[in-house]
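The values are calculated or read from the model by the stated rules, or taken from the named source; none is laboratory data. Given the structure is predicted, the values throughout are model-derived calculations rather than measurements. A quick note on method: Cβ atoms are made from the backbone with ideal geometry, for glycine too, and the neighbour counts reach across all protein chains shown. All accessible areas refer to the heavy atoms of the entire protein, side chains included, with ligands and DNA or RNA removed. Shrake-Rupley method; radii C 1.70, N 1.55, O 1.52, S 1.80 Å.
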Amino acid sequence: MSYIQPKEFATKMVDAGESKIFMATKDTLIRSYMAGAILALAAAFAVTIAVNTGNFLVASLLFPVGFCMLYLLGFDLLTGVFTLAPLAVINKRPGCTWKGVFRNWGLVFCGNFAGAMTTAIFMAVIFTTGFSHEPNAVGVRIGQIGEARTLGYAAAGGAGFLTVFIRAVMCNWMVSTGVVGAMMSDTVSGKIMAMWMPILVFFYLGFEHSIVNMFLFPSGIMLGGEFTWGDYLIYNEIPVILGNLVGGLTFVGGMLYMTHFKESPKLNAGAKSMPAE
């Protein structure tokens, strides 16, 4: 059967976390750079669909193509390593330390950001014909998204910060479920199906993904959005990273680890070992 039982893929999660911690710097940077670039392209693809069709559901249905591509190519997103890398330390794998986890997170962040920025620059060139014209309809929409999801949160004060944080928590609940979902099958079609569903949910519900935002907001600034780098970092990227960390590590990594990798004995375990009278 292509379906892999939860106890087995929970072990794969810990193994994957260990692998991330020990990965060479060069490989970590290349893989995270490409992941950021591909996911950013998928975001541009989805916004273009939404603008051209007026149907956000269609855009959400097709956005997961980028996530599936980057995962099948073995590339890394910060949201995924938030969930997986700590499990190797929690499981006390030899040589796995929090220092190694933070090193991995830092490298993946840098790679994701560089990749997303590359795509942001490329798409800004396309949307403005090499910055010789005003942004087209898609470019204008990207700028508006940036304004709404920075200044909009800022205007709400503490409630806005709470909202963006919770949206980020729920985002990585779904995105990391997609990461783990790919471990549930040993066929390409099974992996794609398991990844597609939670990514669709996150995108349609408008949750906040730190790497998608690494594309949307810098490109929004380049395309004339009325907000600043400071607005982006303070009112979006920083709380989103924190929320993504909490969502992935608790609702996905921690829960699956505690119930499938560290499964408690069954309540009738002792009864089974007793001789029949």
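Summing Lys and Arg as +1 and Asp and Glu as -1 over all other residues whose Cβ lies under 11 Å from the Cβ of G224 gives a net charge of -3.
Expressed as a whole percent, the accessible area of region 85-243 that falls on carbon and sulfur atoms is 73 (1.4 Å probe). Charge dipole (Cα centre; +1 on Lys/Arg Cβ, -1 on Asp/Glu Cβ; no other charges) of the chain amounts to roughly 660 debye. Answer rounded, prolate or oblate for region 32-189, using the Cα gyration tensor with square roots of eigenvalues a ≥ b ≥ c: rounded when a/c is under 1.5, else prolate when a/b is larger than b/c, else oblate. Prolate is the answer for region 32-189, as a/c is 1.5 or above and a/b outweighs b/c. Per residue, region 132-215 exposes 42 Å² of accessible surface when a 1.4 Å probe is rolled over the protein heavy atoms with every protein chain present.
Counting Lys and Arg as +1 and Asp and Glu as -1 over every other residue whose Cβ lies under 14 Å from the Cβ of I241, the net charge comes to -1. Most tightly packed first, judged by the mean number of other beta-carbon atoms within 10 Å of their residues, the peptides 33-41, 113-121, 192-200, 125-133 read 33-41, 113-121, 192-200, 125-133.
At an R0 of 41 angstrom, the distance between the Cβ atoms of N55 and I238 translates into a FRET efficiency of 0.80. Taking a ≥ b ≥ c as the square roots of the eigenvalues of the Cα gyration tensor of region 1-62, is the shape rounded (a/c under 1.5), prolate (a/b larger than b/c) or oblate? Oblate, since a/c reaches 1.5 and b/c is not below a/b. Grab the other residues whose beta carbon is less than 12 angstrom from that of R149, score K and R as +1, D and E as -1, and report the net. Here the charged neighbours net out to -3. Each stretch of four or more DSSP H residues adds -39500 (n - 2.57); spread over every residue of the chain, this sum gives -22500 deg cm²/dmol at 222 nm. So, R0 is 41 Å and r is the distance between the beta-carbons of W229 and M197; what FRET efficiency does that work out to, to 0.05? The value I calculate is 0.75. Radius of gyration (Cα atoms) of region 133-191, expressed as a multiple of 2.2 N^0.38 Å: 1.69. Taking 0.36 nm per residue of separation and subtracting the current Cα-Cα distance, fully stretching the chain between E134 and I30 would add 34.1 nm.
Of the trypsin sites (Lys or Arg not before Pro) in region 88-136, the ones in a loop by DSSP (not H, G, I, E or B) with at most 16 other beta carbons within 10 Å are K92. Hydrophobic long helices, here whole DSSP H runs in the chain with Kyte-Doolittle means of at least 1.0 and Cα atoms spread over 27 Å or more along the helix axis, are found at 25-53, 98-127, 158-181. According to the Kirkwood relation over distinct C-alpha pairs, the hydrodynamic radius of region 164-251 is 13.7 Å. Accessible area of L73 (1.4 Å probe, protein heavy atoms only, ligands and nucleic acids ignored): about 110 Å². Round to a whole angstrom and tell me the spacing of the C-alpha centers of region 55-133 and region 186-202. If we compute the Cα centre of each part, the gap is 17 Å.
Across the alpha-carbon set of region 75-154, the Rg to Rh ratio works out to 1.20, Rh being the Kirkwood radius.
Over region 19-131, accessible surface divided per residue gives 42 Å², non-protein components excluded, 1.4 Å probe. Judged by the mean number of other Cβ atoms found within 10 Å, the most tightly packed of the peptides 19-29, 80-90, 222-232 leads the ranking 80-90, 222-232, 19-29.
Each peptide among 4-14, 240-250, 134-144, 255-265 gets the average number of other Cβ atoms lying within 10 Å of its residues, and from highest to lowest they stand as 240-250, 134-144, 4-14, 255-265.
Once the cut-off is 23 Å, how many percent of the Cα-Cα pairs in the chain end up in the long-distance tail? Looking at the chain, the distances longer than 23 Å represent 54 percent of pairs. Grouping the Cα pair distances of region 111-261 into 5 Å bins from zero gives a pair-distance distribution of 2, 10, 16, 18, 18, 15, 10, 7, 3, 1, 0, 0 percent in increasing distance order.
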